[in-house]
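Each remark here refers to the structure printed beneath this line.
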Amino acid sequence: MNMFPAPLPGGTWPLGDLTVTRFGYGAMQLAGPGVMGPPADRSGALAVLREAADLGITHIDTSSAYGPRVTNQLIREALDPYPEPLHVVTKVGATRDAHGGWPPARDPESLRRSVSENLETLGLEVLDVVNLRLGNAQGPQPGSLAEPFETLAGLQQQGLIRHLGVSNATAEQVAEAQAIAPIACVQNMYNLAYRHDDKLIDELAEQGIAYVPFFPLGGFSPLQSAALSAVATRLDTAPMSVALAWLLQRSPNILLIPGTSSVAHLRENVAGAGLSLSGEDLAELDNIGR
Ligand SMILES: NC(=O)c1ccc[n+]([C@@H]2O[C@H](COP(=O)([O-])OP(=O)(O)OC[C@H]3O[C@@H](n4cnc5c(N)ncnc54)[C@H](OP(=O)(O)O)[C@@H]3O)[C@@H](O)[C@H]2O)c1
């Protein structure tokens, strides 16, 4: 790891008693097509992870469901022994079926198995942050999270998990989780064009809790918008850079975990996210999701 990397855009934010760079990295798309199996370019995937650490990124998002197990194994191979400031955030609550689907796995036994599998594949004795993934591929779904979240709180009390979070959750489920145990983060879908969580983000910011948008660049169908392209052209930069800079400026508790399988895109995203957007740029960009 580079001992003296340049500061990353956005600075840092706390995840419980841990500190992470607001510019993080999401490892999901390092697995094979459909997030199943190994990557076509294994050494390229390892190079992206090592570059992330070299750039000073201290927040990597993963799950043993990715591959399954593939991204965790890549992270371990690239980065174990983990440098002290690096924190790997994982999630449980879904498994994979033979067709690449993501069936829920939130019964107590499945959750215990997933936590063990994450510990083993990452080569860790304690998981820094575990998100309980709720809902389904259509998004958050209403319903109580008490049983699965209490199971994870029990594993936290056993010392296997440092901090808890929720993912793909409704605002009601976030509040229900907080009544059971403190949460360090909420990881939901959010980006320039998809802004269902605006109110939740502001409420979490007031409590000092991180909001970690998944699909910050649009996910499997990257963001496309004439307004985004117009701002990027005016600023002589890439649309993805504008999308990331907008998220960093949207709220101080937003942590970025953009995915990429390319070292060049990773460097471009880090450089671009530091762009300073004017009031006029922000007003134009704000219209995209309204
Ligand atoms: N909690 C959940 O339910 C959940 C769901 C989905 C994802 N996640 C997490 O969120 C993270 C981020 O989501 P994501 O990776 O699916 O989507 P994303 O970050 O919105 O977008 C990733 C896509 O953008 C492309 N990209 C990245 N930088 C680019 C650039 N500079 N120029 C052009 N294209 C660029 C990547 O392609 P290249 O590889 O070609 O760069 C990749 O196809 C995941 O890695 C995962 O950790 C969580």
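The values are calculated or read from the model by the stated rules, or taken from the named source; none is laboratory data. Here the structure is a predicted model, which is why all the values come from computation and not from measurement. Note: ideal-geometry Cβ built from the backbone for every residue, glycine included; neighbour counts use all protein chains shown. Please note that ligands, DNA and RNA were not included when accessible areas were found on the heavy atoms of the full protein model with its side chains. Shrake-Rupley method; radii C 1.70, N 1.55, O 1.52, S 1.80 Å.
A few remarks follow.
- Contour minus Cα-Cα distance for ASP107 and ARG290 (0.36 nm per residue): 62.1 nm
- Within the full protein context, the accessible area of THR58 is estimated at about 10 Å² for a probe radius of 1.4 Å.
- Positive contributions from Lys and Arg (+1) and negative ones from Asp and Glu (-1), summed over other residues with Cβ under 13 Å from the Cβ of SER114, come out at +3.
- Fraction of alpha-carbon pairs over 22 Å apart in the range 140-239 - percent: 42 percent
- Potential extension, ASP97-ILE180 segment - 0.36 nm per residue separation minus Cα distance: 26.8 nm
- As a ratio to 2.2 N^0.38 Å, the alpha-carbon radius of gyration computed for the range 1-101 takes the value 1.10.
- Reciprocal mean inverse distance between Cα atoms of the range 181-226 - Kirkwood radius, Å: 11.5 Å
- The range 191-232, accessible surface, carbon-and-sulfur percent (1.4 angstrom probe): 54 percent
- Placing a label point 7 Å from the Cα of ASP17 along the Cα-to-Cβ direction, no residue of the range 78-101 has its backbone N under 13 Å from that point.
- Each listed q (0.18, 0.23, 0.24 Å⁻¹) maps to a log10 I(q)/I(0) for the range 120-198 from the Debye sum over equal C-alpha point scatterers, namely -0.74, -1.06, -1.12.
- When the Cα atoms of the chain are aligned to their principal axes, the ranges along those axes come out at 53, 42, 38 Å in descending order.
- Spin-label model, ALA230/SER144: points 7 Å from Cα along the beta carbon direction are separated by 5.0 nm.
- Convex hull volume per residue for the range 187-280, taking Cα atoms only, in Å³: 102 Å³
- Mean silhouette area of the range 54-146, derived from the convex hull of its C-alpha atoms and averaged over all directions, reads 7.0 nm².
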